[in-house]
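The values are calculated or read from the model by the stated rules, or taken from the named source; none is laboratory data. What you are looking at is a predicted structure, and each value in this text was computed from that prediction instead of being measured. Glycine gets a Cβ as well: all are built from the backbone with ideal geometry, and neighbour counts include every protein chain shown.
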Amino acid sequence: MREKHYKKKKKWVRIVFRRRVFVIFLLLVQIMFIMFITTGSDLLSRYLGLVLHTLSLLVCLYIVNKKEKPAYKVTWVSLIMAFPIFGGILYIIFHTQFNSKRMTKLIIQSREESKPFYCLCGDTFPSLVRVNHDCLSQIRYLQHYAGFPIYAHTQTVYFNSGESYFSKVLETLEQAERYIFLEFFIMRQGVMLDPIIDILEKKAKAGLDVRVMYDDLGCFLSLPPDYKQHLEKKKIKCIVFNPFTPILSSHQNNRDHRKIIAVDGKIAFTGGINLADEYINEFERFGHWKDSGIMLHGEAAWSFTMIFLETWNFELMQINPHLPQDNYTAFYPWKDEPCGIESDGYVQPYADSPIDDENVGEHVYIQIINNAKEYVYINTPYLVVDDNLLSALTLAAKSGVDVRIITPHRWDKKIVAITSRSYYRQLTQAGVKIYEYTMGFNHSKTFVSDDKIATVGTTNLDFRSLYLHFECGVCIYQNSSIEAIKKDFLETQKLSRLITLTDCDRNAFQRVVQDILRLFAPLM
């Protein structure tokens, strides 16, 4: 059996390798072609160069007047000025695609069709208005503008490690009765994923509606290209999100970075934990892997069911617009009687999409920071922020709020690490306390403030998560898990080293490198 498994795995590795090499080869061909047509020395090339110079100037004018984050404008204008011949055409190739408008239309359509079904549990908001809840502005924004209702009748369980999260996931999947939905950025076969797939296969054969959606680029090197067919043979429905194609396109930047498990509409999981062995420390990559997740049991779990179905349906429409769409009410678990789960504070799941230009994840974070009176404690694997978040963090610290951030000491991306550390001096000078987790890699994405509000989700403090990826999270208010999140932060802080101003000292060369990297941070 071991030999058979080894040969099968070896075959998959060869297939994966061929596909990856082919994709990289096509990307290189495109880049070489652009350089060839812009650097030739004959008369045609000189005229073409003049045209492209003019095009780059016009593109710069367009970027300056475009409604977009200032950091992106500065980055692209700097890039085009540095490479005036092919900078403009590179921007056009990245931002003009035939399929992007269609994708945007389908996402908006799916979102509008699904919105009314989020409130099948009833509207909790009026009761919060009557008591003038402390976090009313945050709740109002997410429900009335972003379209994600707040729920009562929900119990939460916070997990301070991938190991505890994994154990509860297996137990919950075994108890599923109607359906199981999984949506992940990274999946990798091994100790974590394989038992989950075994349960999904068993449940699918028993007649449950079992669906898996994973991001193609996130799993580009971790799953074989025929893994979709592998799952479908097990009667597991599968969609590969935004299949990666070797075409220079900004559309390829919009990845599904969400981590969602929804079971029967009654239980849901989210957080920073993907389905790969390093997340449960079965495989060491960067020392001890510190992560977090949260389970919702009750009404709020329905919201994550809807978030999953909404994405599943717009992906189906991209594949074939004539395929029948899901009847959302058919999945609602409390048709005949109300949810009997006792309320534990209030819970408000939310999702973020790069298509609608509404940066929900960023706005959640900024409101938590701006509304803090005593403290804000933050876990994040990356600290590459724009002026809005930088200003919010420094202003809070200058106003006497205890602002603490824990980042990794051992990083997964060296360039991102250097860029993250370039923000340390400015934040530390303002009074923000920054710690680096010395045991390994801190992948948690949590905010907790004033013992009143916390959020656990998938959104990192970097440009990709905040503006380019599909993300999700959950805000909890006056909930027992808030204390657990705070306690986990303080325990993690004990295993972390406080960064001082002396630690932020850099020589002239290092400062120049950091300044350059910060300039191009939006493209990382």
>> When you check LEU208 against the structure, is it assigned by TED's automatic domain parsing to the domain that holds GLY298, of a type outside the set (Gly, Ala, Ser) and within 23 Å of the chain's Cα centre (by Cα), yes or no?
In response: no
>> Every residue in segment 317-334 that is farther than 26 Å from TYR158 by Cα and modelled with pLDDT of 85 or more, please.
In response: ASP326, ASN327, TYR328, THR329, ALA330
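Test TYR214 against the criterion of being assigned to a strand (DSSP E or B) and touching a helix residue (DSSP H, G or I) at 6+ places or on another chain (Cβ under 6 Å), and give yes or no.
Criteria not met by TYR214.
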> Considering segment 153-197 alone, what residues qualify as being touching a Ser or Thr at 6+ places or on another chain (Cβ under 8 Å) and in a strand (DSSP E or B)?
Replying inline: THR154, THR156, VAL157, TYR158, PHE159, PHE181, GLU183, MET187
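Would you check if PRO349 is touching a residue at least 60 places away in the same chain (Cβ under 8 Å), under 18 Å from the mean Cα position of the chain (by Cα) and assigned to a strand (DSSP E or B)?
yes
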>> Take the residues in segment 245-270 that are in contact with an Asp or Glu (Cβ under 6 Å, 6 or more places away or on another chain) and under 21 Å from SER353 (Cα atoms); name whichever of them is modelled with the lowest pLDDT.
In response: ARG255
> Looking only at residues in segment 122-152 that are in a loop (DSSP other than H, G, I, E, B) and over 27 Å from the mean Cα position of the chain (by Cα), which one is surrounded by the most Cβ atoms within 10 Å (Cβ to Cβ)?
Replying inline: THR124
> Here are GLY340, GLY400: which of them is of a type in the set (Gly, Ala, Ser), in a loop (DSSP other than H, G, I, E, B) and either closer than 28 Å to ALA301 by Cα or modelled with pLDDT under 95 (or both)?
Replying inline: GLY340
> Can you find even one residue in segment 357-376 that is basic (Lys, Arg), part of a loop (DSSP other than H, G, I, E, B) and in the same structural domain as ILE273 (by TED's automatic domain parsing)?
Replying inline: no
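Quick check on TYR377: is it at pLDDT 95 or above, closer than 23 Å to GLY293 by Cβ and either of a type outside the set (Gly, Ala, Ser) or within 20 Å of the chain's Cα centre (by Cα) (or both)? It would help to see each step written out before you state the result.
Details: at pLDDT 95 or above: yes; closer than 23 Å to GLY293 by Cβ: yes; either of a type outside the set (Gly, Ala, Ser) or within 20 Å of the chain's Cα centre (by Cα) (or both): yes.
Answer is yes for this residue.
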